[in-house]
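Since the structure comes first, as structure tokens, the remarks are kept for the end.
The values are calculated or read from the model by the stated rules, or taken from the named source; none is laboratory data. Note that the structure is predicted; figures quoted are calculated from it, not measured. Counting neighbours? That spans all protein chains shown, and the Cβs are built from the backbone with ideal geometry, glycine included.
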Amino acid sequence: MLENCKIISNACIGGSYYKVIFKAPGISPKVKPGQFIHVQIANLRDRILRRPFSICDANAKGELTVIYKVIGEGTAVLSKLTSGTECNLMGPQGKPFTIPGKKQFPILVAGGYGSAATYLLAKKCPQKGLLLIGARSSADLILVDEFKKSGFKVQVATEDGSIGTKGLVTKLIEGVIREPPAKNICFFGCGPHGMLMAMGKLLLKNTLKGELSLDHLMCCGIGACYACVVKVKDESKADGWRFARTCKEGPVFPATAIYYDGK
Ligand code: FES
């Protein structure tokens, strides 16, 4: 659906990361974890174009939260918008994460601000589990306290070793696979491409269940630019694979459906 939404607040939460909360009473109650919205950014030169953003949080009161990193003109303009400014939102869009059952122990894996796209899932999980979060340094970690408040335990890895385990988040995944914290573990990941590919391969190698959000590949978010194409399993094809647009068929895919180089 399309909705004109006023900004309730929009502020820097550290470094180049910002949190914007929209008043979206129509869209917000419909949001499922892992979905995204298109924002027509007020005051942007080419404001006809919309930008896709993963949804961090949404509630029945109509508050819809997006966490974004300022990386280009669109997000730079968005970061300057003040409360009361109206933006047109379209959504919610995309295939969501599957909310695990009561007997499944969720392990969320987030790289960088991939934690934003998995936060609503953490809130909706009936059994609270474990968040494995990785970032370049402690300054790039976001939402850790919020995940803890939602009932999740948190393990941190930083590339520079400024906090937690030194190295990549995949090191934490390997540790959890070696010594599972519970029965019936299932994984959910969102983050940079390299992290997701490594995670997917680990899950397949160990026959573990999981879903990956490839939201980082999205550009136009409406199926027009083909920047988000990935190879996915399709038994009906001669070679067993076909190409899919992440923004149309994802952003969430089962780990078993994705093609991994060198698999
Ligand atoms: Fe442009 Fe998917 S993001 S086609």
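Condition check ((1) over 19 Å from ILE55 (Cα atoms); (2) touching a residue at least 12 places away in the same chain (Cβ under 8 Å); (3) in a strand (DSSP E or B)) across all residues:
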| site | (1), (2), (3) |
| --- | --- |
| GLY210 | yes, yes, yes |
| ILE222 | no, yes, no |
| SER236 | yes, no, no |
| ASP239 | yes, no, no |
| ARG242 | yes, no, yes |
| PHE253 | no, yes, yes |
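Rundown of residues vs (1) more than 14 Å from the chain's Cα centre (by Cα); (2) part of a loop (DSSP other than H, G, I, E, B); (3) on the phi < 0 side of the Ramachandran plot; (4) of a type in the set (A, V, I, L, M), yes/no style:
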position: CYS12; (1), (2), (3), (4): yes, no, yes, no
position: VAL20; (1), (2), (3), (4): yes, no, yes, yes
position: PRO25; (1), (2), (3), (4): yes, yes, yes, no
position: PRO29; (1), (2), (3), (4): yes, no, yes, no
position: PRO33; (1), (2), (3), (4): no, yes, yes, no
position: ILE37; (1), (2), (3), (4): no, no, yes, yes
position: ALA42; (1), (2), (3), (4): yes, yes, yes, yes
position: LEU49; (1), (2), (3), (4): yes, yes, yes, yes
position: PRO52; (1), (2), (3), (4): no, no, yes, no
Sole residue being touching a residue at least 40 places away in the same chain (Cβ under 8 Å) and in contact with a Cys (Cβ under 6 Å, 6 or more places away or on another chain), chosen from VAL39, VAL31:
VAL39
Is it the case, given these coordinates, that ALA257 is within 16 Å of the ligand (Cβ to nearest atom) and small (Gly, Ala, Ser)?
no
For region 215-251, which positions are more than 6 Å from the ligand (Cβ to nearest atom), within 21 Å of LEU89 (Cα to Cα) and of a type in the set (A, V, I, L, M)?
LEU217, ILE222
Considering (1) among the hydroxyl-bearing types (Ser, Thr, Tyr); (2) modelled with pLDDT of 95 or more; (3) surrounded by fewer than 18 Cβ atoms within 10 Å (Cβ to Cβ); (4) within 29 Å of HIS38 (Cα to Cα), say which one THR246 fails and leave the rest.
(3)
Count of region 73-105 residues which are more than 18 Å from SER28 (Cβ to Cβ), outside any loop (DSSP other than H, G, I, E, B) and in contact with a strand residue (DSSP E or B) (Cβ under 6 Å, 6 or more places away or on another chain):
5
Residue count, region 170-206, condition surrounded by fewer than 17 Cβ atoms within 10 Å (Cβ to Cβ) and farther than 26 Å from ARG245 by Cα, comes to 12
Of the residues in region 134-158, those that are out of contact with any Leu (no Cβ under 7 Å at 6 or more places or on another chain) and of a type outside the set (S, T, N, Q) come to ARG136, ALA139, ASP140, LEU141, ILE142, LEU143, VAL144, ASP145, GLU146, LYS148, LYS149, GLY151
Single unsatisfied condition, TYR17 versus (1) surrounded by fewer than 22 Cβ atoms within 10 Å (Cβ to Cβ); (2) out of contact with any helix residue (DSSP H, G or I) (no Cβ under 9 Å at 6 or more places or on another chain); (3) more than 30 Å from LYS183 (Cβ to Cβ)
(2)
Unique residue being outside the structural domain of SER16 (by TED's automatic domain parsing), touching a residue at least 12 places away in the same chain (Cβ under 8 Å) and hydroxyl-bearing (Ser, Thr, Tyr) when the list is THR85, THR65, THR75, THR98:
THR98
The lone exception for LYS209 - which of (1) within 16 Å of the ligand (Cβ to nearest atom); (2) among the charged types (D, E, K, R); (3) within 22 Å of the chain's Cα centre (by Cα) it fails
(1)
Quick check: is even one residue across region 112-129 in a strand (DSSP E or B) and in the same structural domain as ALA157 (by TED's automatic domain parsing)?
no
Of the residues in region 130-159, how many are assigned to a helix (DSSP H, G or I) and touching a residue at least 60 places away in the same chain (Cβ under 8 Å)?
2
